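Scroll down for the structure; my scribbles are underneath it.
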Amino acid sequence: MWLNLKFLSWLVLIVGAIHCQAYVHHTFVVKETPYTRLCSTKNILTVNGQFPGPALHVHQGDTIFVDVHNRGNFNITIHWHGVIQPRYPWSDGPEYITQCPIQPGGKFRQKIIFSTEVGTLWWHAHSEWWRATVHGAIIIHPKKGTKYPFPLPHAEVPIIFGEWWKQQILAVYNEAIFTGAAPNVSDAYTINGQPGVLYPCSKPDTFKLKVDHGKTYLLRLINSAVMDILFFAIAKHNVTVVGTDGSYTKPLESSYVTISPGQTIDVLLKANQKSDHYYMAARAYSAAHGVVYDNTTTTSILEYNGNYTPSSPPSLPNNLPYFNNTNASVSFTSSLRSLADKNHPVSVPINITKRLFFVISVNMFPCPNNSCAGPNGTRLAASVNNISFVNPYIDILQAYYRHVNGVFGTNFPDFPLYLFNFTAEDLPLYLETPRHGTKVKILKFNTTVELVFQGTTLDKDPLRYNLVDPPFMNTIAVPLDGWTAIRFRANNPGVWFLHCHFDQHMTWGMDMAFVVKNGKSRKSHILPPPPDMPPC
C-alpha cells in the first residue's frame with residue numbers, strides 16, 4: 001500500500017501445462033544515458049537507455065520474470081507499483097524494506113506475479129530519488145477471452161507525467177540531505193519525457209498524439225512526478241475515467257483530471273471536436289501555505305489527422321484548474337467509484353477487527369547552533385504518529401523471515417502517542433520534534449483493518465464512508481480540508497511498505513511498514529525467497 005500526501009502539505013504470457021510452465025522474460029539494463037532537455041545535456045539513469053523506460057505488456061493473471069542488471073554507478077532497486085505479488089514480497093522492491101539494493105555490477109531476477117490487477121500500473125526505481133528517470137508503464141490487458149467493460153478503443157496510449165531538473169537528481173537529493181532544507185523544485189514538468197512548447201529548446205520534440213475524427217482512444221495516465229500532484233486537461237475535450245490504479249471504475253466524465261504522484265488513471269478520449277491542433281496540458285496542484293513548488297506548465301499536442309489549416313498557436317485548455325484549487329482536486333478524487341458489477345465485484349470489509357489512526361506531519365529536528373537550512377536553523381523531518389522512519393542496515397523482510405533480532409521494532413502505535421488539537425494551525429511545541437525509529441505494525445493473517453489518515457493543521461470534516469463502491473486504490477491523497485480512510489483485509493503474508501509518495505516526505509521519515517503474518521494453511525504462507533537476493 002502507498003500513501004500520497006501533498007497537503008501538509010501528504011501499491012506475458014504464461015504458457016503452461018500440468019507439469020511445466022514457460023514464463024516470459026524481460027531484461028532491464030540500468031545505465032547512464034545522455035539526454036538533452038531545456039537547452040542542456042546531462043547523463044541520467046535509465047532502463048535500456050530509454051526515458052521513460054520500456055512498457056511491460058501482460059494479461060491479467062500472468063507471471064513474468066524481469067532480469068535487472070545494474071550497469072550504473074549507484075545502488076538501485078525496481079518496484080512494481082500496485083502489483084499485489086501474492087505471497088511473494090521478495091520482488092516488491094522498496095530498498096531496505098523487502099530487499100537490499102542491487103549494487104553496481106550486480107543483477108537480480110525479479111518474479112512479478114499478477115493476480116487481480118487489470119488496467120494500468122507502473123514500475124519505478126525505489127532507491128533515493130532515482131525514479132525521476134527510472135520508470136515506465138505496466139499495461140495489464142484483460143484475461144484472454146474477456147473484454148473491457150467499455151467499448152473497445154481505437155488505440156491505447158500511455159501518457160506519463162514527470163519532472164525534470166537541470167541539476168543531476170542525485171545532486172538535488174544530496175543537497176537536501178546535507179542542508180536539511182526543502183529540495184530545489186524541478187525546472188520543468190514533462191509528458192512522455194518532453195517538457196513541451198512553453199519551455200526553452202523544447203518545441204520540436206513536443207509529444208504529439210495523432211487521432212482520427214470520430215474515434216475513441218484509451219489514454220493510460222501515469223504520474224511519475226517526484227514531488228507533485230498534477231491537474232491535466234485537454235483543450236475543448238472532456239474525458240471519461242474508466243479505471244484507476246489497476247482496477248475498473250464507473251464511467252466518470254470530466255473536463256480535467258487530478259492525479260497524485262504514483263497514481264494511474266485510465267480515461268477514454270473521444271476525438272469529437274473540429275479537426276485542429278489542441279494542447280494537452282498539466283500543472284501542479286499545491287495549496288499548502290509557504291511551500292515552494294514548480295509553477296510551470298507542460299504541454300503536448302492533440303493533432304487530428306486530415307487536410308486542414310491548424311490554429312496557430314493551438315488552444316490551451318481553459319478548464320485546467322489553477323494551482324491552489326483544492327475544491328477541484330477533492331471533487332475529482334471523491335467522485336471516483338469502483339465499477340462494482342457482477343463481473344467485477346467489490347468486497348469492502350464491514351466487520352473491522354483492527355482500527356488504526358495515523359497522524360501524518362512535517363516536523364523538524366534541531367541542529368547544533370541552528371546550523372541547518374530548515375525553518376529557524378532546523379532540519380526538516382516528517383513522521384507518522386510522531387515516529388520518523390529510519391532505514392535499517394538489512395531489509396526488514398529478510399530480518400523477519402530469518403528471525404534476525406534488533407533490526408526493527410514491532411510496537412508501531414495504533415494511535416498517536418499524544419492527543420492534541422489536530423485541526424489547530426500549528427503543532428504543539430512538544431510534537432514538533434519526532435522520534436527516530438524503525439518500527440512496524442504486525443497484523444495477523446486475515447485481519448480486517450480500517451486505517452484513518454489525519455493530517456495536522458487540517459479542518460474538521462464529517463465522517464462519511466462509502467462502503468458500497470469505493471475505488472480500489474494503491475495511492476491515495478489526504479485532502480487539505482479533511483482526512484482519508486481506507487479499509488483492507490490483511491490476506492497477503494509478507495512485509496509491505498506504506499509511505500508518502502512525495503519523495504522528500506518519504507526521505508524525511510513519513511513511512512512505516514506492515515508485517516502480515518502467515519495464515520494457518522500452507523497456501524497462506526510466504527513463499528521462499530529466490531536464490532539471488534541482492535546481498536546487504
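The values are calculated or read from the model by the stated rules, or taken from the named source; none is laboratory data. These numbers were taken from a predicted model, which means no experiment stands behind them. All Cβ positions, even for glycine, are placed from backbone atoms using ideal geometry, and neighbour counts span all protein chains on display. What goes into the accessible areas is simple: the full protein's heavy atoms, side chains included, and nothing from ligands, DNA or RNA. Shrake-Rupley method; radii C 1.70, N 1.55, O 1.52, S 1.80 Å.
In region 86-162 the Cα-Cα distances spread across 5 Å bins starting at 0 as 3, 11, 18, 22, 17, 14, 9, 5, 2, 0 percent of all pairs. Couplings for region 335-352, taken from phi via the Karplus curve 6.51 cos²θ - 1.76 cosθ + 1.60 with θ = phi - 60°, read 8, 6, 9, 4, 4, 6, 10, 5, 8, 9, x, 10, 10, 7, x, 9, 8, 7 Hz in order; Gly and Pro are left as x. Put simply, the amide H of Arg109, placed in the peptide plane, has neighbours under 5 Å in Val68, leaving out anything fewer than 5 places away on its chain.
Rounded to the nearest 20, the size of the Cβ-charge dipole of the chain about its Cα centre is 1400 debye, with Lys and Arg at +1 and Asp and Glu at -1. Per-residue SASA remark: Met533, around 50 Å² accessible (1.4 Å probe; ligands, DNA and RNA not included). Of all lysines in the structure, those lying under 27 Å Cα to Cα from Lys107, and not within fewer than 8 positions of it along the same chain, are Lys31, Lys42. Of all aspartates and glutamates in the structure, those lying under 19 Å Cα to Cα from Lys342, and not within fewer than 8 positions of it along the same chain, are Glu117, Asp469. For region 115-242, the normalised intensity computed at q = 0.10, 0.11, 0.13, 0.14 Å⁻¹ comes to -0.42, -0.51, -0.68, -0.77 (log10 of I(q)/I(0), Debye sum over alpha carbons, equal scatterers, no solvent). Please say if region 229-342 is rounded, prolate or oblate, where rounded means a/c under 1.5 for a ≥ b ≥ c the square roots of the C-alpha gyration tensor eigenvalues, and otherwise the choice is prolate for a/b larger than b/c and oblate otherwise? Cα axes put region 229-342 in the oblate bin.
D by Stokes-Einstein for the chain, Kirkwood Rh over Cα pairs, 25 °C, 0.890 mPa s: 103 µm²/s. Straight-line reach only, C-alpha to C-alpha below 19 angstrom: list the aspartates and glutamates that Lys111 could link to, leaving out same-chain residues fewer than 8 apart. In chain and number order, the partners are Asp62, Asp67, Asp92, Glu95, Asp395, Asp532.
Accessible area per residue was computed with a 1.4 Å probe on protein heavy atoms; Val66 scores about 0 Å².
Evaluated with a Cβ-only charge set (Lys, Arg +1; Asp, Glu -1), region 82-231 carries a dipole of roughly 740 debye about its Cα centre, given to the nearest 20. Per residue, the chain reaches -1500 deg cm²/dmol at 222 nm when only DSSP H runs of four or more residues are counted, each adding -39500 (n - 2.57). Value of Rg to Rh for region 341-392, rounded to two decimals, is 1.35; Kirkwood radius and Rg both from alpha-carbon coordinates. Here the relative contact order of region 27-131, from alpha carbon pairs under 8 Å that lie six or more residues apart, stands at 29 percent. Here the ratio of the Cα radius of gyration of region 279-404 to 2.2 N^0.38 Å is 1.72.
For region 16-171, a crude dipole built from +1 on the beta carbon of Lys and Arg and -1 on the beta carbon of Asp and Glu, taken about the Cα centre, is about 200 debye to the nearest 20.
With a threshold of 26 Å on the Cα-Cα distance, the over-threshold entries among Lys144/Lys517; Lys147/Lys270; Lys203/Lys236 are Lys144/Lys517. The alpha carbon centroids of region 123-180 and region 304-322 are separated by 26 Å.
For region 264-272, putting each phi into the Karplus relation 6.51 cos²θ - 1.76 cosθ + 1.60 with θ = phi - 60° gives couplings of 10, 9, 9, 10, 9, 10, 9, 7, 10 Hz, in residue order, rounded to whole numbers and with x for Gly and Pro. Rolling a 1.4 Å probe over the protein heavy atoms leaves Lys107 with an accessible area of roughly 140 Å². Packing, as the average of other Cβ atoms within 10 Å across residues, places the peptides 184-194, 432-442 in the order 184-194, 432-442, highest first.
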